[in-house]
Amino acid sequence: MPRPRQDWCSRLGRPAAVVLFRTPLKWRFAVYLAEPGGVLDGALPNESPGGSPESAQEAMHRWLEDTFQRPVTMAWTPTDKPDWWTGDVTATRSGTAVEQREPLANEHLPGAP
């Protein structure tokens, strides 16, 4: 059953970056918003902490599209800390699936280890 539209998210701006990490109890995330800025944090529903990172990344992608009511593309980068990933979020027309990339030199996302 589709979730009701999250009108409050449409007023927050657009997602620009994500930090996704595994805890013993669940997959947690922080979504960094572009203009005017801000951070949303939470946990992925229905994702087991023992599940694969790819499954959690796909669930995060779906959560962003469902919550913000717009298609996005995700480019994931592993961090130096085990079970932590950062993701660049860009709006797309088609909402293509998940991409993986290597970190750039001196790249750092706020909140990432």
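Some observations on this one:
- Evaluated with a Cβ-only charge set (Lys, Arg +1; Asp, Glu -1), the range 7-95 carries a dipole of roughly 100 debye about its Cα centre, given to the nearest 20.
- Among 77, 23, sorting on how many other beta-carbon atoms sit within 10 Å of each Cβ, with the fewest leading, yields 23, 77.
- By the beta-carbon count within 10 Å of each Cβ, the least crowded to most crowded order of 83, 41, fewest first, is 41, 83.
- Based on the reciprocal of the average 1/r between different C-alpha atoms, the Kirkwood radius for the range 7-95 equals 13.1 Å.
Since every read-out is calculated from the coordinates, none of them should be taken as a lab result. Model, not experiment: these values are computed from the prediction. No Cβ is skipped: glycine too gets one built from the backbone with ideal geometry, and neighbour counts run over all protein chains shown.
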